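The structure appears below as C-alpha cells.
The values are calculated or read from the model by the stated rules, or taken from the named source; none is laboratory data. These figures come from a predicted structure and were not determined experimentally. As a convention, Cβ positions derive from the backbone with ideal geometry for all residues, glycine included, and neighbour counts pool all protein chains shown.
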Amino acid sequence: MTEYSNIETTSGNRGLSFEEPLIFELDSQDSSAVDLDPPSHDMDRLGGLRRRLPVGLPGLSEPEVVRHYTRLSQKNYSIDSGFYPLGSCTMKHNPRLNEKMARLPGLGDIHPFQPESTVQGAYKLMDTLATWLKELTGLPAVALSPAAGAHGELCGIMAIRAAHQAAGNDDRKVVLVPESAHGTNPATAAICGYSVESIPGNGNGRVDVDALTTRLGPDVAAVMITNPNTCGLFENEAKAIADAVHAAGAYFYMDGANFNAIVGRVTLSELGVDAMHINLHKTFSTPHGGGGPGAGPTVLSEALAPFAPLPFLVHDANGLRMVEHSGDKDAPQSFGRMKGYHGQFGVFVRALAYMMSLGIDGLRQASGDAVLNANYLRVRLSEELTPSYDGICMHEALFDDRFLKDTGVSTLDFAKSMIDEGFHPPTMYFPLVVHGALLMEPTETESKATLDQYCETVLALARKAKSGGMAEEFASSPQLTPRRRLDETQAARKPILRWKPEPLKHAAE
Amino acid sequence: MTDTRYTKEHEWIRVDEEAATVGITDYAQSQLGDIVFVEVPDAGKAISKGGEAAVVESVKAASEVYAPVSGTVTEGNAGLGDAPDTVNSDPTGDGWFFKMTLSDTAELDSLMDQSAYDAYLKEIDA
C-alpha cells in the first residue's frame, strides 16, 4: 500500500482522480462555448467609453466547462456519497421528494414582489409550516425570517432585548452562557450589546445549576443554553434553570440546533423556554453543508411574541396578509426587520415536505432512531475508545483522547487516518470542555450495516494506534487521497483568497 | 528583582518592580498547536484580574487570555500581528502578549510560583 501511494504520475492525475486546475487557468482565448454573430458597429452607442482591455473571462468550450464542474463536484464529499458523522451538525439524508416539491412552478417560479392575491398558496405553505413548528414546540409564535441558526439566535436575543426595553429594564446588561453551549451563543449576545459571562460545567457535561442560580440577579437579561448540549447530553435541569431565570426577571433562550434528538418528545413550553431557533437545514432535512441556504425560524413565548420581527403573516378578510411595516396595526411592538423579503422560502417548502411526508409518528421515530444510533456508536466504540461521560447520550456520542495516551497519536492523526479508510472524520477538538474531543453524530439516516462498518474501522484503527510504534504512520495519513496533509497553518496565516491574472499587457489601440 | 508567577489558565506574569509582562506558557502553546492570530490589548486599557485581556487563535481553537492580576496595560506586543507564530517558538520570551502596571501587588500572592505550576502540570497530565 505504501509503495503505491508514493507513485508520482507524469500528469499529476492519479488513477481516475483528476488534478483539476482553476477555471481561469484553463483559459484559452480561442475557445468559446457560444457562437454569436459579431456585433454590428451600427449599434455602438458607447462613444469613447468602449472597453479597451479584455473582459478577463476564461475561454472554454462547452465540454470543457461541463468536465470542469463535474470533476469539482466529484471532489466534494457529501451525505449523498457516504456516512457523514460530523458532530453538532446533523448531516441527514435530504429526501428527493423535497426537491420535487420545491421545483413545482407555483412554488419555485414566484417572486416576492408579486401581488398578495397571486401568492396565497405560498402564504398558506408558510402558515402551515409555522403551525407545525408551533405544535412541535408548544410555543405560541414563530418568526420564520431568520436565515440560519445564528441569525435565529440573534432574533431571539433581539426580541428579549426589545421586551426588556419595553418594560424599562435598562439595567440588565449581562447574558449568561454555559461552557456547554454553542460558540455562536456568546457571539450573539455580544452583538446585541450584552456582556457575556461564562457558567462552568458540573463535571457530568452539563450546566452547574448552583453556579448559574448564584449568578442570577437584577443585571441579568437572559440565559442561553444549548439543549441537548454540545456534549450530546440533555440538560436534565432545564426546567429548574428556567424557573430560576424567570424568578430573577430574565428570559430563557434555548439553542435548538440539536432539536433533532427531541422532536415530538419534549414540549419546550413545558421546559419554560422563551425563545428557541430551529435549524430547518439540520432537523428538517433541507440541504446543508454546501454553504446553505439554511433557515432558522425562531419560536417565541407569549411574553416575547409581541416583539417578533417583520414580516409575518396574519389572517384577515381577504385571506393571508403579510405584515411588512412597523406602522401596521398588527405590529405595534415589533423590533423590526432582520432580513429582506420573507425568509428562505425554498427551504420552507423542503422542510414542510419532510414534515408532512413523515407525519408526527415519523418525526418521533426519526428523533428516536437518531438517539438510538448515537448510543449504538457510544457503546460499541467504548470497547477501545474513551467516552467522556457515563450514561445515555442524545443525538451524538462524545469521546476524548485518553485512549490515545502514550501512543504518540493525536486526535488529528486519528481523524486523518479515517479518511484513508473511506470515512469522513467526525468533529474533532470540539467541544473544548473535553481534551482532544471526537464528536460523532450518525443521525437516523444510517443503517445498522453502515454503523457496524464504521465501528469496525474505528475500533481497528484504535487497536492499531495502541499496538505501539505507530505514531509515524498515523502522522503521515491520509496517504490515499488526492492531497495529503494540507498546511492549515499557512492557510490561516497567509491565505490566498483569489486568483489573479498575469499583469495585462497594454491592449493595442 | 524579577519573579515569574503562573495562573491555572496557563498565563505567566513576570514582575519587575511595579511593571509586569504577561504571556502564555509553553504548555499552553503546545496544547493550542500552531497559532494563527493574536489580538493584544491597547496601551491604556484597564484590566481586572480574571477578566479577558487578549485573544489567541490556533488551527484548533480560539481562546481568551485572562489578566493574571488587575492593572493598566502599558504596551501590547505589536510584533505578534505579523508573526503570531512567535508565541509557539518563544512563548516566554519574544512571544509575550502585553506589559502592564499593577494596581495591587498583593494579587500576585494568589498565583502559582514555578514549582507549584510544575506540580499543577503534572496533576492535569496524570
Could you tell me whether region A:260-278 includes any residue that is closer than 30 Å to A:Asp171 by Cβ, among the polar types (S, T, N, Q) and in the same structural domain as A:Pro140 (by TED's automatic domain parsing)?
yes
If the requirement is being in contact with a Phe, Trp or Tyr (Cβ under 6 Å, 6 or more places away or on another chain), modelled with pLDDT of 95 or more and more than 26 Å from A:His182 (Cα to Cα), which of these qualifies: A:Ser447, A:Ser357, A:Ser334, A:Ser417?
A:Ser417
In the set A:Gly368, A:Gly319, A:Gly327, A:Gly346, which member is surrounded by 14 or more Cβ atoms within 10 Å (Cβ to Cβ), in the same structural domain as A:Ala147 (by TED's automatic domain parsing) and not charged (D, E, K, R)?
A:Gly346
On the given criteria, is A:Ser198 closer than 29 Å to A:Phe234 by Cβ, among the small types (Gly, Ala, Ser) and part of a strand (DSSP E or B)?
yes
Only one residue in A:Met440, A:Met428, A:Met470 is away from chain B (no Cβ under 14 Å), touching a residue at least 12 places away in the same chain (Cβ under 8 Å), touching a strand residue (DSSP E or B) at 6+ places or on another chain (Cβ under 8 Å) and under 30 Å from B:Asp125 (Cβ atoms). Which one?
A:Met440
Inspect region B:94-110 for any residue being among the charged types (D, E, K, R), part of a loop (DSSP other than H, G, I, E, B), touching a residue at least 24 places away in the same chain (Cβ under 8 Å) and in contact with an Asp or Glu (Cβ under 9 Å, 6 or more places away or on another chain) and give the result as yes or no.
no
Being under 17 Å from A:Arg402 (Cα atoms) and within 14 Å of chain B (Cβ to nearest Cβ), is that true of even one residue in region A:446-466?
no
Out of the residues in region B:17-46 meeting the condition of being within 13 Å of the chain's Cα centre (by Cα) and part of a strand (DSSP E or B), tell me which one is nearest to the other protein chains (Cβ to nearest Cβ).
B:Val38
As an exercise: evaluate A:Tyr123 against (1) at negative phi; (2) over 26 Å from the mean Cα position of the chain (by Cα) and give the number of the one condition it does not meet.
(2)
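Within region A:270-291, track down each residue that is more than 21 Å from A:His151 (Cα to Cα) and touching a strand residue (DSSP E or B) at 6+ places or on another chain (Cβ under 9 Å).
Listed by number, the residues that qualify are A:Leu271, A:Gly272.
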Does region A:287-300 include one or more residues that are over 16 Å from the mean Cα position of the chain (by Cα) and of a type outside the set (Val, Ile, Thr)?
yes
Considering every residue within region A:280-291, establish whether at least one is of a type in the set (A, V, I, L, M), buried (at least 22 other Cβ atoms within 10 Å of the Cβ) and part of a loop (DSSP other than H, G, I, E, B).
no
Among residues of region B:85-126 being touching a helix residue (DSSP H, G or I) at 6+ places or on another chain (Cβ under 8 Å) and under 25 Å from A:Asp401 (Cβ atoms), the residue nearest to the other protein chains (Cβ to nearest Cβ) is B:Asp85
Kindly establish whether A:Val434 is more than 14 Å from chain B (Cβ to nearest Cβ) and β-branched (Val, Ile, Thr).
no
Would you mind stating whether A:Asp487 is within 14 Å of another protein chain (Cβ to nearest Cβ), among the acidic types (Asp, Glu) and more than 29 Å from the chain's Cα centre (by Cα)?
no
Among residues of region B:34-55, those that are in contact (Cβ under 8 Å) with a residue 40 or more places away in the chain and either acidic (Asp, Glu) or within 19 Å of B:Thr7 (Cβ to Cβ) (or both), counted
9
Scanning for something within 14 Å of chain B (Cβ to nearest Cβ), buried (at least 18 other Cβ atoms within 10 Å of the Cβ) and free of Cβ contacts under 8 Å to residues at least 24 places away in the same chain, does region A:401-424 turn up at least one residue?
yes
Every pair of residues 6+ apart whose Cβ atoms lie under 8 Å, when the first sits in region A:249-273 and is touching a residue at least 24 places away in the same chain (Cβ under 8 Å) and under 21 Å from A:Met355 (Cα atoms) while the second is part of a loop (DSSP other than H, G, I, E, B) and among the aromatic types (Phe, Trp, Tyr):
A:Ala261/A:Phe234; A:Ile262/A:Phe234
What are the pairs with Cβ atoms under 9 angstrom where one residue, in region A:6-25, is in contact (Cβ under 8 Å) with a residue 60 or more places away in the chain and the other, located anywhere, is in a loop (DSSP other than H, G, I, E, B) and hydrophobic (A, V, I, L, M, F, W, C)? Sequence gap at least six, or different chains.
A:Arg14/A:Ile7; A:Leu22/A:Trp499; A:Phe24/A:Leu57; A:Phe24/A:Trp499; A:Glu25/A:Trp499
The correct count of residues that are within 24 Å of A:Val434 (Cα to Cα) and among the charged types (D, E, K, R) in region B:54-95 is 3
The one condition in (1) closer than 26 Å to A:Glu488 by Cβ; (2) at pLDDT below 95 that B:Gly51 fails to fulfil:
(1)
Across region B:50-84, which residue is nearest to the other protein chains (Cβ to nearest Cβ) among those that are surrounded by fewer than 20 Cβ atoms within 10 Å (Cβ to Cβ), part of a strand (DSSP E or B) and of a type in the set (A, V, I, L, M, F, W, C)?
B:Ala62
